[in-house]
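Student: Provided herewith is a single structure, encoded as structure tokens, for subsequent inquiry.
The values are calculated or read from the model by the stated rules, or taken from the named source; none is laboratory data. Everything numeric in this text was worked out from a predicted model, so none of it was measured. Quick reminder, even Gly has a Cβ in these numbers, built from the backbone with ideal geometry, and neighbours come from all protein chains shown.
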Amino acid sequence: MTSVGITSDVSQAAAILLKGGIVGMPTETVYGLAALARNEKAVHRVFDTKGRPRNHPLIVHLAPDSDLHRWGILDETAMKLANAFWPGPLTLLVPRTSLVPDWVTGGRDTVALRIPSHPVAQNFLTAVNDGVVAPSANRFGKVSPTTAQHVLDDLGDSVDVILDGGPCNVGVESTIVECTTTFQLLRPGAISENEVALATGRIPTSISGPSRAPGMLESHYAPDAKVLLVDSLQEAEVVRQTIDSTNSVFILHFENVSEYAEHLYDSLRAADQQKVAIVIAVRPQPNGIGLAIIDRLAKAAATR
Ligand code: TXA
Ligand code: MG
């Protein structure tokens, strides 16, 4: 298959996917690298293109009107969350059905499901009319892409086509909630623990101890620049004074927390492009999507 670059033609992208190709797909959170979930060869190409270990399970993305029960066993709590937040930036980890192949889940007995709200993603998934795996379309361990150009920069010709849906407006990956015998928040995102509790009438166990979602490595969302974390702009200035002036420094900060999430990854990418040596990132308040930003910043700052 020859590379066709970036397109806004949904039918063309869907046709390529259905023929076993791999496609850069926009979602409201970040861009994904899509393949047909039930096509083993295509799914293995996704792992290889990302450089991701094949036992790291993938999220299955479905169109809004899909029959969820073909893919997963959703209990009452999971259904409440699906009704409250789908389509949207939420992934539910539930027991899988026999339809879900081992190459998607790394042999686990659970499957991660998500119905995205991005209109282009919905049109694409509707045209495909089957489950679509899509990890974030970055190289393993690097910052997630939030534009079609980022996907092209990272993966270039190894993707068959990139479907352009404009810049992602959430900017950080979906909230993952496990609804099995365990009810737990596995990854913070735009949907907060509080919203999950309100929608279900249950308080999920908070993230602690070793992660139950493989691939959530400590250093995971890493730019080339060294990232230092502070709690205020004043502190950022104090830290800047201590840095040798031969190093170029960039202070990462947004007053508005949604804007911070939206531009977190493109700011880190821009810093790398400008060969910034040190990014001083100001942590937002630890609530709502602020917690997701703090989580990704901590990973970007982790020693590698
Ligand atoms: O916002 C998002 O969720 C984006 C967009 C493209 O939808 N996707 C995304 O995929 O962030 P990825 O592969 O980068 O992260 C998915 C996370 C991984 O940490 C993986 O280990 C976890 O979900 N996961 C998926 N299936 C799982 C399973 N069966 N059991 C445990 N963890 C699972
Ligand atoms: Mg990822």
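Student: Please go through the range 114-124 and pick out each residue that is more than 9 Å from ligand 1 (Cβ to nearest atom) and under 16 Å from R70 (Cα atoms).
Tutor: I115
Student: Restricting attention to the range 116-137, and to residues there that are within 14 Å of L58 (Cα to Cα) and in a loop (DSSP other than H, G, I, E, B), which single residue is farthest from ligand 2 (Cβ to nearest atom)?
Tutor: Applying the first criterion (within 14 Å of L58 (Cα to Cα)) to the range 116-137 yields 131-137.
Restricting the remaining residues to those that are in a loop (DSSP other than H, G, I, E, B) gives 131, 134-135, 137.
Values: G131: 18, A134: 10, P135: 5, A137: 9 Å.
Among those residues, the one meeting the criterion is G131.
This table checks each residue for (1) within 30 Å of G201 (Cβ to Cβ); (2) surrounded by fewer than 24 Cβ atoms within 10 Å (Cβ to Cβ); (3) out of contact with any Asp or Glu (no Cβ under 7 Å at 6 or more places or on another chain); (4) not small (G, A, S).
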site	(1), (2), (3), (4)
D9	no, yes, yes, yes
K19	no, yes, yes, yes
E28	yes, yes, yes, yes
N55	no, yes, yes, yes
P64	yes, yes, yes, yes
W86	yes, yes, yes, yes
G106	no, yes, yes, no
D109	yes, yes, yes, yes
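Student: Separate question: Can you tell me which residues in the range 139-162 are within 12 Å of ligand 1 (Cβ to nearest atom) and either modelled with pLDDT of 95 or more or more than 28 Å from T303 (Cα to Cα) (or both)?
Tutor: S144, P145, T146, V151
Student: Among the listed residues T146, T181, which satisfies the condition of being in a loop (DSSP other than H, G, I, E, B), among the β-branched types (V, I, T), within 26 Å of Q12 (Cβ to Cβ) and in the same structural domain as G51 (by TED's automatic domain parsing)? Quick ask: steps written out before the conclusion?
Tutor: On the way: T181 fails: within 26 Å of Q12 (Cβ to Cβ).
None of the others qualify; the one that does is T146.
Student: If I ask for residues that are surrounded by fewer than 15 Cβ atoms within 10 Å (Cβ to Cβ) and touching a Phe, Trp or Tyr at 6+ places or on another chain (Cβ under 9 Å), which ones from the range 88-98 would you list?
Tutor: Of the range 88-98, the ones surrounded by fewer than 15 Cβ atoms within 10 Å (Cβ to Cβ) are 97-98.
If the condition is that a residue be surrounded by fewer than 15 Cβ atoms within 10 Å (Cβ to Cβ) and touching a Phe, Trp or Tyr at 6+ places or on another chain (Cβ under 9 Å), then T97 is the only one that fits.
Student: Oh, and also: Among the residues of the range 294-301, is any farther than 28 Å from T91 by Cα and surrounded by fewer than 18 Cβ atoms within 10 Å (Cβ to Cβ)?
Tutor: no
Student: Would you mention how many residues in the range 256-304 are among the hydrophobic types (A, V, I, L, M, F, W, C), at pLDDT 95 or above and in contact with a helix residue (DSSP H, G or I) (Cβ under 7 Å, 6 or more places away or on another chain)?
Tutor: Number satisfying all stated conditions: 11.
Student: Based on this model, can you work out whether R38 counts as surrounded by 14 or more Cβ atoms within 10 Å (Cβ to Cβ) and assigned to a loop (DSSP other than H, G, I, E, B)?
Tutor: It is true that R38 is surrounded by 14 or more Cβ atoms within 10 Å (Cβ to Cβ) and assigned to a loop (DSSP other than H, G, I, E, B).
Student: For residues in the range 150-178 being buried (at least 23 other Cβ atoms within 10 Å of the Cβ) and among the hydroxyl-bearing types (S, T, Y), which is nearest to ligand 2 (Cβ to nearest atom)?
Tutor: Filtering the range 150-178 for residues that are buried (at least 23 other Cβ atoms within 10 Å of the Cβ) and among the hydroxyl-bearing types (S, T, Y), the one nearest to ligand 2 (Cβ to nearest atom) comes out as S174.
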